[in-house]
Structures are given as structure tokens and as C-alpha cells.
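The values are calculated or read from the model by the stated rules, or taken from the named source; none is laboratory data. The structure presented is a predicted model; accordingly, all values stated were derived computationally and were not measured. Backbone-built Cβ (ideal geometry, glycine too); neighbour counts: all protein chains shown.
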Amino acid sequence: MSDFEDSLNELLVDTFDTILKYEAASLKTIAGVSLTIGEAHMIERIAQLNDEATVSQIAAQMQLTMPTITIAVKKMESKGYVVKVPHAGDGRRTYVRLTDLGVRINRLHTTFHQRMVRNISDQFSDGEKDILLRAITNLNEFFRQKTRTAE
């Protein structure tokens, strides 16, 4: 690998790892509960579906398998973050809904992301922000294409 490639590899791995550690530590502090990053992101997806979340919709949104989501929902239900509610007109369907605690966690997680982004953006000039957004957009698209071809 070239010096650029070595540096880029090291920077990508370190940045990804550091962001995950920062988010995990912050979630423990702000929520005051035993919460994983995956659970926080699933809570976020359920909130986006406005109380109409089914296991299959959550799986599609998160690009995970239905068995994985089913197991996660059971675990989150035992922690008091979600409840399963039968569909009023179709007994075969079940919705996954946030409890009051789940709503609180989602609000805190959303606030965390808003503050994180604001603190990061404060470090850059307007020109640097434009360059950063273009670079990260290109990087994101690269990984999205690789993910699609790997499926």
C-alpha cells in the first residue's frame, strides 16, 4: 500500500472505532440504563415508523434478518424499551412500539447526535464543511455500493 493508503486505512479504522466508543460511553451516561448502540439505533428506527413498526419493517430498515430483529426485540422488551402490540384488525400482525422509557432514550439519543454534529461542525470553516460533506458523501456511497454488490 502507498503511504496515502496506509494513512487512510489507519484513519478510517481509528475514526470508526473512536466514534463507536464515544457513542457507547455517552449512551451509558445520558440514558443511565444498560443500552447498546444497536439497541439505540433500533429504538430510533422504531420511532421513525411512528408506532407502526413490524419486525419485518425494522429488519428492512436496518438491513438485518428477521430472526436477528426478533431476538433483539425480545431482549429490548425485557429491558422495558419496547412492547409488542397486536394489530387491531389482523391478529397475525404485531407492532413493536416504544415504551415511555424507549421514547425517552430516543429523545436523549437524538439530542446526543445533534450535539455531536454541532460540536464537530464548530471546528470547521464553511469551506471545510463543504469539502468534508462531499468527501464523506463519496465515502458513504462507495461503501453503500460495496454493500449492495456483496448482498
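Considering region 83-141 alone, what residues qualify as being small (Gly, Ala, Ser) and more than 22 Å from THR54 (Cα to Cα)?
SER121, SER125, GLY127, ALA135
Going by the structure shown, is VAL85 part of a helix (DSSP H, G or I) and aliphatic (A, V, I, L, M)?
When the stated conditions are applied, VAL85 does not pass them.
Which one is farthest from LEU8 (Cα to Cα), of the residues in region 115-124 that are surrounded by 10 or more Cβ atoms within 10 Å (Cβ to Cβ) and not β-branched (Val, Ile, Thr)?
ARG115
With GLY127, GLY102 as the choices, which residue is in a helix (DSSP H, G or I), among the small types (Gly, Ala, Ser), surrounded by 11 or more Cβ atoms within 10 Å (Cβ to Cβ) and free of Cβ contacts under 8 Å to residues at least 60 places away in the same chain?
Just one listed residue meets the conditions, GLY102.
Can you tell which of ARG92, ARG134, ARG144, ARG115 is out of contact with any helix residue (DSSP H, G or I) (no Cβ under 7 Å at 6 or more places or on another chain), charged (D, E, K, R) and outside any helix (DSSP H, G or I)?
The match here is ARG92.
Checking VAL96 against (1) modelled with pLDDT under 95; (2) of a type outside the set (Phe, Trp, Tyr); (3) under 28 Å from THR29 (Cβ atoms), only one condition comes out false. Which one?
(1)
Within the bounds of region 16-30, is there any residue that is of a type in the set (Gly, Ala, Ser), surrounded by 13 or more Cβ atoms within 10 Å (Cβ to Cβ), under 17 Å from ILE105 (Cβ atoms) and modelled with pLDDT of 90 or more?
Among the residues of region 16-30, not one is of a type in the set (Gly, Ala, Ser), surrounded by 13 or more Cβ atoms within 10 Å (Cβ to Cβ), under 17 Å from ILE105 (Cβ atoms) and modelled with pLDDT of 90 or more, which makes the answer no.
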